[in-house]
Every structure is written in structure tokens, then in C-alpha cells.
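Here the structure is laid out as C-alpha cells; the discussion comes afterwards.
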Amino acid sequence: MIEALPLLGIEEEYLVVDPLTRNTVPASADVLQAAEPLLGEDATKEITRFQVEVRTPPSADLDELGARLRATRARMVEAAGSRGLAIMACGIPVLGPVVPPPLSDGERYERAAQTYRALNDDMSICALHVHVDVPDPEHAVYVGNHLRPWLPTIIALAANSPYFAGRDTGYASWRVIGWSRWPVSGAPPYFSSYTEYTGAVAAIGATGAIMDEGTVFWDTRPSPRLPTIEIRVADVSPDIDDSMTVVGLIRGLVVTALTAVARGDIGPPVPSEVLRAAYWRAARDGLAGHGLDIERAELVPAADLARRLLDHVRPALAEIGDLPRVSEGLDRLIGRGSGASRQRRVFARRASLADVVDDLIRTTAVHGGPAPAVPAPELDGVA
């Protein structure tokens, strides 16, 4: 029995786009200046000037959280539009990224430039971050162990970054692939205790591979400040309904894991090398292809893995009251495909990446507020 519904919080990262050229542009400072009276501290900069980030106030109710995200996004759309710009919920730039990207101002970003050097070329990326309440960091580590086998399935469901810098990468989530080059990224190792976790972080820190706990970029991690676990594996989606389906599944996983931890089960020790390969397959094929059944070491349709995930968390979702919404949302996602599939369908109509950008801008805005006026793609010849 769940004593209290775990609170949820969301962070979304967006790319700043010129709606005329469709290029991603380094204008985050302009957008954030316009957003400050609308969003205050709920809008922040990211490492590059191509990105902005928003966060929602926490809520235990999935519908309320979705409404808060919609309102927050609407204000960011309004702020960008007031400067003749647009925001785009996409994992990576489709057109026009500058390499190396211009980094945001601040001592921390100067340190990042000195520490990570050309790795910062991969940082024009946007994800959905989900924070879920847990009792303490020890529980966060154990919950992370339980989540590890399911992270590739979340990648497949949320994949929304097939095009990068004007070309089709052949992957559903190129963000995941680019991100994998970082020294502390992807699925975390299996840890038997929080003490083991902090020991590993300290040893990694001694190499200079992280600047502090904030640069422990594993896809699940205990918060260094709050009693939460942060899950940061999903591409950002232009469709808030799809985002909330993923968020609901993630909370279902956390609640299911907490129930197992209460029984003394700290999670299955899936080998990191197997999980890395499962990540690669999920990022390449997404929801439209096959993924790794880790337990049986065989490929199965990714949609089947998504349905197994729902079955795994079904009791938790039923107790929370989220089962109808999440089940319907998953059926919809499987039926029409992920964001990556949508992008490819849009491209296929006229072989135009400008069309892809326009659709991303419109969908992002429709799910947050009024869409900015975008001219027809053929007017400027962008393809």
C-alpha cells in the first residue's frame, strides 16, 4: 500500500530557433530575458546559447503536472515569440548548429569548456528530466538499480532526434549516441549501497571527469540536494501527452521499485556492457524496431518491450490511479510511433527538413500555446 503518492517534478530543455531560416540560433539570453517576468526562476539557461530550460512546480497528480507543464511551455513560447524567435522540443538541432557551440556566460561554463573541451560540441541537446520523491539517497540508489533494465525501453518510447545538422543519422535518438561519449553518462553502474555510489563518484572526481555532483550525468542519479531520484534518459518531446505517458511510466517504475526495496530486493545486477548494447539498439531503432530482452538475451519488437513495461508497473499504476491514462497514452504512442517516426513521416512528404522544423515548432507551441507564424518552406528554399 502506498502511504502517499510520490511528488513529481519535470524539467524540459528546448532549442531556440529562427522561424524564418529554421536554424538553431544562439539567442537563449534574449529568450530568457523575455521569459523572466513570465516564469521567474522556472526558466534557466543551459550550457550552450542554443538552449533554454524550464521546470514545473512539483505535484503528485499527473494531470495537474501536465497542466503545469503546458502553462510553463506556453509562457516560454510567448517569450520566444516576442523576440521573433521560436522554441523547438527536439533532442538535437535539425538545422544550423554551430560547432563548437557558443557556451553560456558564467564561471561554471568556463570551467566546463576547460574540462570537457570538444565534448561540449555534443551539448546542444535537449532532454526530459523527471524527479520523483524517494525516502533518502540509499533508496534512490536501489531504485536506480531496478530502473536500469527498463531504461532502453524509455529511450525507444521517447526517441525524438533522428536528424542532426541537416542529415538523417539513421538513428531514432542521436542525442543518446552523442551523449554516450561523455565520461560519466548513460546508465549508471549497479551499486550495492549509497556508500558504494559515493565512493565511485569520489574516485571519478579524482580523475577530473566530473566538476561536482551536478556533472554526474548518469541517466538515473540521487539528487545531491533533495530526497529525489532524477531520471534523465528521455529525449524531450513536442507532444506533452506523450511526455506525460513517459512520466507516468517512470513514476510507476519508481513505485514498483520502492515496493521491491521494502522486501529487501535492491535490484537485478544487469552487466553494464549488456545495458550499453541495449542502449545502442534502442537509440538506433527506437519504437519502430527491435530491442533487447535483457533477461533472455534476444531481440524482440520494441513495442512488445513497451507493453511488458506497462505490465511490470500495472499494479503500481492501478494503486496510484494513473493506469487508464498511462495505458491509453502508451497505446497511442505505439500506434502512431515516437517523435522520431513523426519527424520522418513529415520529411517523407517533400524531402524537406524545413518541414520537419516547422512541424516541431508548431507541435511544441500547440502543446503549450499559440504557434508563431512560420512561412511555407518553399519560400526560402531550405530543404
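What distance in nm separates the two pseudo spin-label positions at Thr21 and Leu299, each 7 Å out from Cα along the beta-carbon direction?
4.0 nm
Compute the relative contact order of the stretch 84-162 as a whole-number percentage, counting only Cα pairs closer than 8 Å that sit 6 or more residues apart in sequence.
Over the stretch 84-162, the number comes to 40 percent.
Quick one: net charge around Thr363, please, counting Lys, Arg +1 and Asp, Glu -1 for every other residue with C-beta under 14 Å from its C-beta.
Charge balance in the 14 Å sphere: -2.
Give the range of the longest stretch in the chain that excludes all GluC sites (Glu not before Pro) found in loop regions by DSSP and having at most 12 other beta-carbon atoms within 10 Å.
4-294
Order of Phe191, Phe217 from fewest to most other C-beta atoms within 10 Å?
Phe217, Phe191
Which residues' amide hydrogens lie under 5 Å from the amide hydrogen of Phe164, considering only partners 5 or more residues apart or on another chain, with H built in the peptide plane?
Long-range HN contacts for Phe164: Thr169.
Quick check: from the Cα gyration tensor, does the stretch 110-193 come out rounded (a/c under 1.5), prolate or oblate?
Since a/c reaches 1.5 but b/c is at least a/b, the shape of the stretch 110-193 is classed as oblate.
May I ask you to sort Thr72, Thr169 by Cβ crowding, counting other Cβ atoms within 10 Å and putting the fewest first?
Final ranking by Cβ density, sparse to dense: Thr169, Thr72.
Select one label from (i) 24.9; (ii) 17.3; (iii) 21.8: the one whose number is mean projected area of the Cα convex hull in nm² as derived from the coordinates shown.
It is the value labelled (ii).
Is the stretch 264-359 rounded, prolate or oblate when judged by the Cα gyration tensor, a ≥ b ≥ c being the square roots of its eigenvalues, rounded requiring a/c under 1.5 and prolate requiring a/b larger than b/c?
Since a/c reaches 1.5 but b/c is at least a/b, the shape of the stretch 264-359 is classed as oblate.
Convert each backbone phi in the stretch 184-201 into a coupling constant with the Karplus relation 6.51 cos²θ - 1.76 cosθ + 1.60 (shift: θ = phi - 60°), then list the ³J(HN,Hα) values in order as whole Hz, x for Gly and Pro.
Whole-Hz 3J(HN,Hα) from phi for the stretch 184-201: 10, 8, x, 5, x, x, 7, 10, 8, 6, 5, 4, 5, 4, 5, x, 5, 4.
Can you work out ³J(HN,Hα) from phi for every residue in the stretch 246-258, in order, using Karplus 6.51 cos²θ - 1.76 cosθ + 1.60 and θ = phi - 60°, giving whole Hz and x for Gly and Pro?
So the Karplus estimates, Gly and Pro as x, are 5, 4, x, 5, 5, 5, x, 5, 5, 5, 4, 5, 4 Hz.
If you filter the stretch 9-113 for trypsin sites (Lys or Arg not before Pro), then keep DSSP loop positions with at most 13 other Cβ within 10 Å, what is left?
none
Where does each of Trp150, Trp182 land when they are ranked from fewest to most other beta-carbon atoms within 10 angstrom?
Arranged by neighbour count, lowest to highest, Trp150, Trp182 become Trp182, Trp150.
So what is the relative contact order of the stretch 8-367, in percent, for Cα pairs below 8 Å that sit 6 or more residues apart?
So the answer I get is 21 percent.
Please turn the phi angles of the stretch 171-181 into ³J(HN,Hα) values with the Karplus equation 6.51 cos²θ - 1.76 cosθ + 1.60 (θ = phi - 60°), one per residue in order, whole Hz, x for glycine and proline.
Here the 3J(HN,Hα) series is 10, 7, 10, 6, 4, 4, 5, x, 5, 5, 6 Hz.
The numbers here are math on the coordinates, done by the rules we state, and not lab data. Just so it is clear, the structure is predicted and the values come from calculations on it, not from any experiment. Glycine also receives a Cβ, built like all others from the backbone with ideal geometry; neighbour counts cover every protein chain displayed.
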